[in-house]
1. Taking only pairs six or more apart or across chains, which ones have beta-carbon atoms under 6 Å, a first residue in the range 195-210 that is closer than 21 Å to Q114 by Cβ, and a second residue that is open to solvent by 40 Å² or more (accessible area, probe 1.4 Å)?
2. List, please: which pairs have Cβ atoms under 7 Å, are six or more places apart or on different chains, and start with a residue in the range 124-139 that is of a type in the set (D, E) and end with one that is surrounded by 15 or more Cβ atoms within 10 Å (Cβ to Cβ)?
3. Could you list all residues from the range 221-244 that are at pLDDT 80 or above, more than 22 Å from W145 (Cα to Cα) and open to solvent by 70 Å² or more (accessible area, probe 1.4 Å)?
4. Go through the residues of the range 122-131 one by one and say whether even a single one is buried (at least 21 other Cβ atoms within 10 Å of the Cβ) and either closer than 18 Å to V72 by Cα or not acidic (D, E) (or both).
5. Spot the failing condition for I141; the list is (1) farther than 19 Å from A76 by Cα; (2) touching a strand residue (DSSP E or B) at 6+ places or on another chain (Cβ under 8 Å); (3) at pLDDT 95 or above, and only one is missed.
6. Being buried (at least 23 other Cβ atoms within 10 Å of the Cβ) and under 15 Å from the mean Cα position of the chain (by Cα) is true for just one of A179, A167, A171. Which residue is that?
7. So, in the range 42-51, exactly how many residues are of a type in the set (D, E, K, R) and closer than 20 Å to R172 by Cβ?
Amino acid sequence: MPVVKWVFSLLKKLIIFFFVSTILAVVAYRFVPVPVTPLMVIRSVERMQNKEGVWVHHSWKPLDKMSKHLPVAVMAGEDAKFLKHNGFDTKAIKKAYEQNKKNKKKMGGSSISQQTAKNVFLWPARNMVRKGLEAYFTVLIEFFWSKQRIMEVYLNSIEMGDGVFGAEAVARQHFNKSAEALTRSECALIAASLPNPIKYDSKRPGRYLLKRQKWIEKEMNYIPAFPKEGEDVDPQTASGTLYK
């Protein structure tokens, strides 16, 4: 009996610690740059194991110091309803689920918020535990962060090439310029590579990537201009000045 009581007491403390620590981490990242992500560590370990040298290109860049085209491009390519939903695009999730039942090639339905939660707090894997934690962290960042902050963290943490993480790094490594100087076309090319930036290299784009780039450039015409911090967009219609 004392052992059972001790186990329940320990579980209670662990659960409290989990919720307190994760909430504090999310609140902290609302204000401070994310220095490193689990995937950056994993990629470094992989390189070390392959004797390729441990290095990761990553440099934090504020959203207002990036090209205005980049948030629009990633919304066009990854999550057109980002400004509308509360973290989950249910239609996209349902569509991916139905397609994945029929095809061997898996289709992703994760929103930018979900991808940000996964990139910053979790590890890359396809299992129910990780997906459950991803949903939990998605709810937290949607509650504690603004859409602008979610986009800023996303564009600074996502993998954009081999050992390349974030907008500033990909701009420097693939285009020899700052993220602020990226053109509309270059932003569309970066967004086109995001489903698999190791396979589809924005530095040396192939036919498929160039085709997807052109599609994203067209889709960008229908995406609202990304609002600055403090500016609101109607959550129901995402009305606002259309991006040009």
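1. As it stands, the answer is I198/D162, since those pairs meet every condition given.
2. Pairs found: E134/Q114; E134/A117; E134/K118; E134/L122.
3. If the condition is that a residue be at pLDDT 80 or above, more than 22 Å from W145 (Cα to Cα) and open to solvent by 70 Å² or more (accessible area, probe 1.4 Å), then Y222 is the only one that fits.
4. Checking the range 122-131: not a single residue is buried (at least 21 other Cβ atoms within 10 Å of the Cβ) and either closer than 18 Å to V72 by Cα or not acidic (D, E) (or both).
5. (2)
6. Values: A179 fails: under 15 Å from the mean Cα position of the chain (by Cα); A171 fails: under 15 Å from the mean Cα position of the chain (by Cα).
So the residue among A179, A167, A171 that is buried (at least 23 other Cβ atoms within 10 Å of the Cβ) and under 15 Å from the mean Cα position of the chain (by Cα) is A167.
7. 2
Table: residues versus (1) closer than 14 Å to E152 by Cα; (2) free of Cβ contacts under 8 Å to residues at least 12 places away in the same chain.
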residue: L11; (1), (2): no, yes
residue: V34; (1), (2): yes, no
residue: T37; (1), (2): no, no
residue: K61; (1), (2): yes, no
residue: K65; (1), (2): yes, no
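The values are calculated or read from the model by the stated rules, or taken from the named source; none is laboratory data. It should be emphasised that the depicted structure is a prediction, and the values quoted were computed from it without experimental measurement. Glycine gets a Cβ as well: all are built from the backbone with ideal geometry, and neighbour counts include every protein chain shown. All accessible areas refer to the heavy atoms of the entire protein, side chains included, with ligands and DNA or RNA removed. Shrake-Rupley method; radii C 1.70, N 1.55, O 1.52, S 1.80 Å.
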